[in-house]
Amino acid sequence: MPLRAELGIDLGTVNVLVYVRGKGIVLQEPSVVAQAIKTGEVLAVGEEARALLGRSPDTIQVRRPLRDGVIAEFNVTRQMLKHFIDAAVGSGFLARFIKPVVMITVPFGVTQVERQAVRDAALDAGAWKAYLIPEPFAGAIGAGLPIHTPGGHMVIDLGGGTSEAAVLSTYGVVAAHAVRVGGIRMDEAIISYVRRKYSLVIGQPSAEEAKIRIGAAMLAEDDPVYRMEVQGRDQATGLPRSVEIATEDIVEALEEPLSSIVGMVKSVLEQTPPELASDIIDRGMTLIGGGALLRNIDRLLTQETGVPVYVADAPMACVAVGAGKALSRRRTLMRTLPEM
Ligand SMILES: Nc1ncnc2c1ncn2[C@@H]1O[C@H](COP(=O)(O)OP(=O)(O)OP(=O)(O)O)[C@@H](O)[C@H]1O
Ligand SMILES: [Mg+2]
């Protein structure tokens with residue numbers, strides 16, 4: 001084991017995950033920061049800050065410093081990263097003197113300026129060296145796809161802010177496409193559906209809970225229908241009220257965001273040269289990211305594209321795991337990936 005800690009960091013719009021070489025995933029926290037409005041002082045980060053979302057007094061501002069996978073608030077992101085890096089390396093004797101080397105993920109196709117911002121934030125946050133890796137590569141490595149071999153490997157990352165699909169071959173990108181539609185957009189779609197159908201205004205946490213507990217991408221005949229109560233505010237009276245919603249409601253609410261995701265996947269398949277496309281038909285496409293956990297999302301994508309779909313093991317962790325593993329392969333990767 002090297003003395004210097006080696007971290008793989010998935011800097012996501014909704015969640016940050018940190019993988020430590022030799023230990024595995026040591027941290028998964030919401031990418032949320034609570035700040036005092038008057039002084040700018042950071043009061044809470046991660047889970048603790050998320051608990052304040054929608055409930056904080058007006059002296060405290062709670063926000064997500066990343067938008068669509070890229071840094072929207074540099075200073076806040078830097079402080080959040082520092083908090084997570086410190087938590088991941090711990091306060092042991094060595095950790096105090098030897099800074100970690102980190103591999104951080106960035107969405108494929110971000111600008112040079114956006115990449116530099118991530119690198120600077122990591123260095124300011126206490127990294128000794130900061131390498132960057134495009135998310136589809138990290139995700140594919142984390143999902144165990146042999147992307148160092150020729151032939152087409154397709155990975156679909158359904159995140160909170162964005163969804164992207166890429167076909168990779170021998171450490172290169174053959175085709176890729178991203179849409180700014182992810183879990184957050186799905187929550188918004190549920191909020192507007194419930195408002196339209198039941199005249200009830202619900203918050204994002206309730207919408208997300210419904211999506212996770214009873215949601216599905218499509219209804220299959222053999223599937224049970226789940227129901228749950230959601231609390232909100234009556235649109236007319238302004239008073240608290242609850243309604244019971246069912247899986248069908250979520251399926252209907254998610255139609256529009258899901259059709260953007262299906263369109264994105266189809267466009268990547270269309271861009272893929274025939275030889276590689278036939279590999280993908282044989283091997284299937286691999287789903288990662290939080291959205292991969294939506295019930296029947298694999299079935300929907302198979303139905304719409306005719307290509308088999310597999311959900312990776314622990315799909316939310318793939319990007320961070322892959323970033324960590326990429327650190328030990330960085331010499332090979334650096335030859336092919338210009339971003340690093
Ligand atoms: N069981 C589930 N069903 C549907 N969606 C889920 C489930 N579990 C988590 N999610 C959603 O996954 C999203 C978070 O996924 P993930 O952690 O991959 O995003 P991220 O990496 O932070 O975002 P991005 O990659 O866009 O920057 C959230 O919107 C969350 O609601
Ligand atoms: Mg992500």
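The values are calculated or read from the model by the stated rules, or taken from the named source; none is laboratory data. The structure displayed is predicted, hence computed values, not measured ones. Cβ atoms come from the backbone with ideal geometry, glycine included; neighbour counts cover every protein chain shown.
Worth pointing out:
- Test result for THR13, within 16 Å of ligand 2 (Cβ to nearest atom), assigned to a loop (DSSP other than H, G, I, E, B) and not hydrophobic (A, V, I, L, M, F, W, C): yes
- Residues that are within 13 Å of ligand 1 (Cβ to nearest atom), buried (at least 19 other Cβ atoms within 10 Å of the Cβ) and farther than 18 Å from PRO205 by Cα occur in the range 72-83; there is at least one.
Yes/no matrix, rows are residues, columns are (1) away from ligand 2 (no atom under 16 Å from the Cβ); (2) hydrophobic (A, V, I, L, M, F, W, C); (3) more than 30 Å from THR336 (Cβ to Cβ); (4) at pLDDT 95 or above:
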site: VAL179; (1), (2), (3), (4): no, yes, no, no
site: GLY183; (1), (2), (3), (4): no, no, yes, yes
site: SER242; (1), (2), (3), (4): yes, no, yes, yes
site: ALA246; (1), (2), (3), (4): yes, yes, yes, yes
site: ILE261; (1), (2), (3), (4): no, yes, no, yes
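- A search for C-beta distances below 8 Å between a residue of the range 15-43 that is free of Cβ contacts under 8 Å to residues at least 12 places away in the same chain and any residue that is polar (S, T, N, Q) and crowded, with 16+ Cβ neighbours inside 10 Å, counting only pairs 6+ apart in sequence or on different chains, returns GLU41/GLN35.
- Restricting attention to the range 153-174, the residues being surrounded by fewer than 24 Cβ atoms within 10 Å (Cβ to Cβ) and either under 19 Å from LEU327 (Cβ atoms) or in contact with an Asp or Glu (Cβ under 8 Å, 6 or more places away or on another chain) (or both) number 2.
- Given (1) within 16 Å of ligand 1 (Cβ to nearest atom); (2) part of a helix (DSSP H, G or I); (3) in contact (Cβ under 8 Å) with a residue 60 or more places away in the chain, index of the condition GLN303 fails: (1)
- A Cβ distance below 6 Å, combined with a sequence gap of six or more or placement on separate chains, defines the contacts here; from the range 76-96, residues that are within 17 Å of LYS129 (Cα to Cα) reach residues that are among the acidic types (Asp, Glu) in the pairs ARG78/ASP124.
- Single residue of the range 218-245 satisfying the filter (farther than 20 Å from GLU208 by Cβ and polar (S, T, N, Q)) that is surrounded by the fewest Cβ atoms within 10 Å (Cβ to Cβ): THR237
- Answer from SER206, SER199 - the residue that is more than 18 Å from the chain's Cα centre (by Cα), hydroxyl-bearing (Ser, Thr, Tyr) and under 30 Å from VAL309 (Cα atoms): SER206
- In the range 12-50, the residue that is nearest to the chain's Cα centre (by Cα) out of those that are surrounded by fewer than 18 Cβ atoms within 10 Å (Cβ to Cβ) and acidic (Asp, Glu) is GLU47.
- Within the range 156-174, the set of residues being at pLDDT below 95, within 21 Å of ASP68 (Cα to Cα) and more than 10 Å from ligand 1 (Cβ to nearest atom) comprises VAL173 only.
- There is at least one residue in the range 283-295 that is within 16 Å of ligand 2 (Cβ to nearest atom) and polar (S, T, N, Q).
- Only one entry of PRO107, PRO150 meets the criterion of being modelled with pLDDT under 95 and within 16 Å of VAL319 (Cβ to Cβ), and that entry is PRO107.
- Candidate set: the range 122-136, residues that are in a strand (DSSP E or B) and in contact (Cβ under 8 Å) with a residue 60 or more places away in the chain; chosen: the one farthest from ligand 1 (Cβ to nearest atom): TYR131
- One residue from GLY263, GLY291 being crowded, with 17+ Cβ neighbours inside 10 Å and either small (Gly, Ala, Ser) or within 16 Å of ligand 1 (Cβ to nearest atom) (or both): GLY291
- Those residues of the range 28-44 which are away from ligand 1 (no atom under 13 Å from the Cβ) and within 21 Å of GLY183 (Cα to Cα), in sequence order: VAL33
- The range 33-87: number of residues that are of a type in the set (Lys, Arg), within 16 Å of ligand 2 (Cβ to nearest atom) and either assigned to a loop (DSSP other than H, G, I, E, B) or at pLDDT 95 or above (or both): 1
- The single residue among GLU275, GLU270 that is among the charged types (D, E, K, R), in contact with a strand residue (DSSP E or B) (Cβ under 9 Å, 6 or more places away or on another chain) and within 15 Å of ALA175 (Cβ to Cβ) turns out to be GLU270.
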